[in-house]
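The values are calculated or read from the model by the stated rules, or taken from the named source; none is laboratory data. Bear in mind that the values here come from a model prediction, so they are computed numbers and not experimental data. All Cβ positions, glycine included, derive from the backbone under ideal geometry; neighbour counts span all protein chains shown. Remember, those area values only see protein heavy atoms, side chains included, never the ligands or the DNA or RNA. Shrake-Rupley method; radii C 1.70, N 1.55, O 1.52, S 1.80 Å.
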Amino acid sequence: MAFSESILSEQCLVQARGLLSSIENGDENVAIGHLREISRINETKMFQEIGRLTRELHDTLVGFGIETDISDLAEHEIPDARERLSHVIDVTDQAAHKTLTAVEEAIPVCRELEESASKIELQWKRFISRDLSADEFRDLSREIGENFEISADRYTKIKGYLNDILMAQDFQDITGQIIRRVMELVQDVEDKLIGLIKISGSFDDDKKEKRKPVEKVLEGPQVPGKESATALKSQDEVDDLLSSLGF
Amino acid sequence: MKILIVDDFSTMRRIIKNLLRDLGFNNTSEADDGNTALPMLQNGDFDFLVTDWNMPGMEGIDLLKAVRADEKLANLPVLLVTAEAKKEQIVEAAQAGVNGYVVKPFNAATLKEKIEKIFERIEASQ
């Protein structure tokens, strides 16, 4: 830069001398020519300086890994995060409905058992205090027999509903993992923005803070529509792969 | 039968614990990653390990490798229960010596089937 500047200054000096002598000689046209040449030299210098600054800005952005990363964030990662979060909503929605359905179905079964038991209890108390007629006692015996029959079945049903409720809680693990990934992305965006702020403030901030990209070896739960190429789709496929490996 | 359940999500540990109880396994302990699990395994007489893969601290795959490398624990049956469903990972787990692999989300029947299969195989080899 210093070399080309000195050439430019020399050119300016030549033009300035020419301008001076043309003015002294009263040669107006030649003087205007020299003036134009001087301003052309200045313009060239200015454009070169703008070009240098642009290149420097570009180099710095590339050096920070910001230019490409930011467009990648905007084009892919943020829409991707949106889809992941939308999947979180679906999964939690399904879990809540599964739980509610199980509770709604279990309550009438509990009520049925409760009613049957209290009916028998009432008659039983009358039987204890010798208040029952022979016919009423026959009815009570029949009812007790029926109650034994249905209650085992109803308790199995209730256990099934409780198990459904238990299994519906796995959403917390699945969504937790997806949300963690989105949080990492948010952190990434924050870091990139801080990088941009630093660049706009000063070019000289140390580059050693440049973050290593997070290694994405583990992918966590597959998101529908965004499955990895090598992801297996079901437990059956996993079992097939394992048996092909001798399991 | 003493079983160690390792998962960073307490809800998932509870689900597995309840399912195991349903299958008749009442003696379970819990750990939230490999770093807490390994000393528990080394100091306790566990018969079975059920572990997640992706956990902060020590991951399940590294716990599995540590178990296989430990003379005292080398033959401990290990079941991986994880959301990781990529072929490479399942192959890696198989090579590391896993006894069973269940992909999340899973159901009670699958867990039961895999556990039964593991113990059938162990009994057959004895």
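For the reader, a short list of remarks on this structure follows.
- A:GLU112 vs. criteria of a type in the set (D, E, K, R) and open to solvent by less than 90 Å² (accessible area, probe 1.4 Å): yes
- Count of region A:146-173 residues which are within 14 Å of A:ALA96 (Cβ to Cβ) and either at pLDDT below 90 or not in a helix (DSSP H, G or I) (or both): 2
- Test: residue in region B:13-28 that is modelled with pLDDT of 95 or more and either touching a Gly at 6+ places or on another chain (Cβ under 6 Å) or at negative phi (or both): yes
The rows are residues; the columns are (1) farther than 29 Å from A:PRO224 by Cα; (2) touching a strand residue (DSSP E or B) at 6+ places or on another chain (Cβ under 6 Å); (3) surrounded by fewer than 21 Cβ atoms within 10 Å (Cβ to Cβ); (4) more than 14 Å from chain A (Cβ to nearest Cβ).
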| site | (1), (2), (3), (4) |
| --- | --- |
| B:ASP70 | yes, no, yes, yes |
| B:PHE106 | no, no, yes, no |
| B:GLU113 | no, no, yes, no |
| B:ILE118 | yes, yes, yes, no |
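Quick grid of which residues meet (1) in contact with a strand residue (DSSP E or B) (Cβ under 9 Å, 6 or more places away or on another chain); (2) of a type outside the set (Gly, Ala, Ser); (3) at pLDDT 95 or above:
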position: B:ALA37; (1), (2), (3): yes, no, yes
position: B:PHE46; (1), (2), (3): yes, yes, yes
position: B:GLU84; (1), (2), (3): yes, yes, no
position: B:VAL98; (1), (2), (3): yes, yes, yes
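- If you go through region B:1-29 and pick out every residue that is within 14 Å of chain A (Cβ to nearest Cβ) and part of a strand (DSSP E or B), you end up with 2.
- Given (1) open to solvent by less than 10 Å² (accessible area, probe 1.4 Å); (2) without any contact (Cβ under 8 Å) to a residue 24 or more places away in the chain, index of the condition B:GLU88 fails: (1)
- Selected residue (criterion: surrounded by the fewest Cβ atoms within 10 Å (Cβ to Cβ)) from residues of region B:13-24 that are in contact with a strand residue (DSSP E or B) (Cβ under 8 Å, 6 or more places away or on another chain) and of a type outside the set (D, E, K, R): B:LEU20
- The set of residues in region A:134-153 that are surrounded by 12 or more Cβ atoms within 10 Å (Cβ to Cβ) and either of a type in the set (Phe, Trp, Tyr) or touching a Cys at 6+ places or on another chain (Cβ under 8 Å) (or both) contains only A:PHE137.
- Failed item, numbered, when A:ASP131 is tested on (1) exposed (fewer than 13 other Cβ atoms within 10 Å of the Cβ); (2) charged (D, E, K, R); (3) in a helix (DSSP H, G or I): (3)
- Count - residues of region A:228-247 that are not in a helix (DSSP H, G or I) and not aromatic (Phe, Trp, Tyr): 9
- Criterion violated by B:ASP45 - all others in (1) open to solvent by less than 40 Å² (accessible area, probe 1.4 Å); (2) not in a helix (DSSP H, G or I) satisfied: (1)
- Yes/no for A:SER118 being among the small types (Gly, Ala, Ser) and open to solvent by less than 40 Å² (accessible area, probe 1.4 Å): no
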